[in-house]
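Some notes on the structure that comes next.
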Amino acid sequence: MKKLALLAVVLSSAASAAPETYVIDNTHTFPRFEYNHLGYSTQVSRFDKTSGRITLDRAAGTGSVEVTIDARSVNTGYALFNEHIQGEDYFHTGKYPAITFKSSNLKFDGGKLVAVDGDLTVKGVTRPVTLAVTSFHCMPHPMLRKDACGANATARIRRSEFNAGKSAPFVSDEVTLTIPVEAVKE
């Protein structure tokens, strides 16, 4: 009987150590970008449509992240400016409707996700980027009754490295990209 109980514990531990896949909740995931405007202020805009998957094996400290941002869903708070930055000088959404991030490595510290290395593609240009994870939390979702994870991840990028540097340095070349994400287990 003790052997059966021990086997059950071992099997349940192995099952809980398996990778888990989470689907990004597009009603709670709104990536945003911040930049200095002419030295006057920091402007903050966001994207309203995001999709993707996150796979985590927290016991092994591994996983993957894939995020797709609909660049046409940019929301600056001003419809005319939304159209302007979708033009060829900035996002060029007619040719490049999506911004993507695909991880190459997840970094854990004491079981907590702390950074994600990967490739960011904007306007057809792919560059390596490290997202610093400033918060990370997984638990059963109280309303959906499924496991869910959430995080805030941030990186600083240069617009000019993605062929979107028009108006620099008056409008800052450096942009802070923040991805607050919530994802629900499949």
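The values are calculated or read from the model by the stated rules, or taken from the named source; none is laboratory data. Values in this document were obtained by computation on a predicted structure and should not be read as measured data. Cβ coordinates were reconstructed from backbone atoms using ideal geometry, including for glycine residues, and neighbour counts include every protein chain displayed.
For this structure, a couple of remarks:
- Criterion: out of contact with any helix residue (DSSP H, G or I) (no Cβ under 7 Å at 6 or more places or on another chain), of a type outside the set (S, T, N, Q) and in contact (Cβ under 8 Å) with a residue 12 or more places away in the chain - qualifying residue of V129, V175: V129
- When segment 148-186 is filtered for residues that are of a type in the set (F, W, Y), surrounded by fewer than 19 Cβ atoms within 10 Å (Cβ to Cβ) and assigned to a helix (DSSP H, G or I), nothing remains.
- Test: residue in segment 134-145 that is within 11 Å of the chain's Cα centre (by Cα) and of a type outside the set (A, V, I, L, M): no
- Members of segment 134-147 found to be within 19 Å of K102 (Cα to Cα) and either loosely packed, with under 14 Cβ neighbours inside 10 Å or β-branched (V, I, T) (or both), listed by number: T134
- Residues satisfying the stated conditions in segment 38-47, i.e. in contact with an Asp or Glu (Cβ under 9 Å, 6 or more places away or on another chain) and either surrounded by 14 or more Cβ atoms within 10 Å (Cβ to Cβ) or not in a strand (DSSP E or B) (or both): Q43, S45, F47
- Which numbered condition Y35 misses (of (1) out of contact with any Pro (no Cβ under 9 Å at 6 or more places or on another chain); (2) in contact (Cβ under 8 Å) with a residue 24 or more places away in the chain; (3) not in a strand (DSSP E or B)): (3)
- Among the residues making up segment 137-186, those that are among the polar types (S, T, N, Q) and under 19 Å from K112 (Cβ atoms) are N152, T154, T178.
- Residues (assigned to a strand (DSSP E or B) and either under 23 Å from D70 (Cβ atoms) or touching a helix residue (DSSP H, G or I) at 6+ places or on another chain (Cβ under 9 Å) (or both)) located in segment 109-126: V116, G118, D119, L120, T121, V122, V125, T126
- Taken as a whole, the condition of being of a type in the set (F, W, Y), part of a loop (DSSP other than H, G, I, E, B) and under 24 Å from H28 (Cβ atoms) does not apply to F101.
- Residues being aromatic (F, W, Y) and under 26 Å from V74 (Cβ atoms) - total across segment 95-132: 2
- Test: residue in segment 48-60 that is part of a loop (DSSP other than H, G, I, E, B), modelled with pLDDT of 95 or more and of a type in the set (V, I, T): no
- Residue count for segment 3-38, restricted to those that are at pLDDT 95 or above and more than 24 Å from G61 (Cα to Cα): 12
- If the condition is being within 24 Å of I54 (Cβ to Cβ) and not in a strand (DSSP E or B), then segment 68-91 contributes A71, R72, S73.
- Output for segment 48-77, where each listed residue is buried (at least 16 other Cβ atoms within 10 Å of the Cβ) and of a type in the set (A, V, I, L, M): I54, L56, V65, V67, I69, A71, V74
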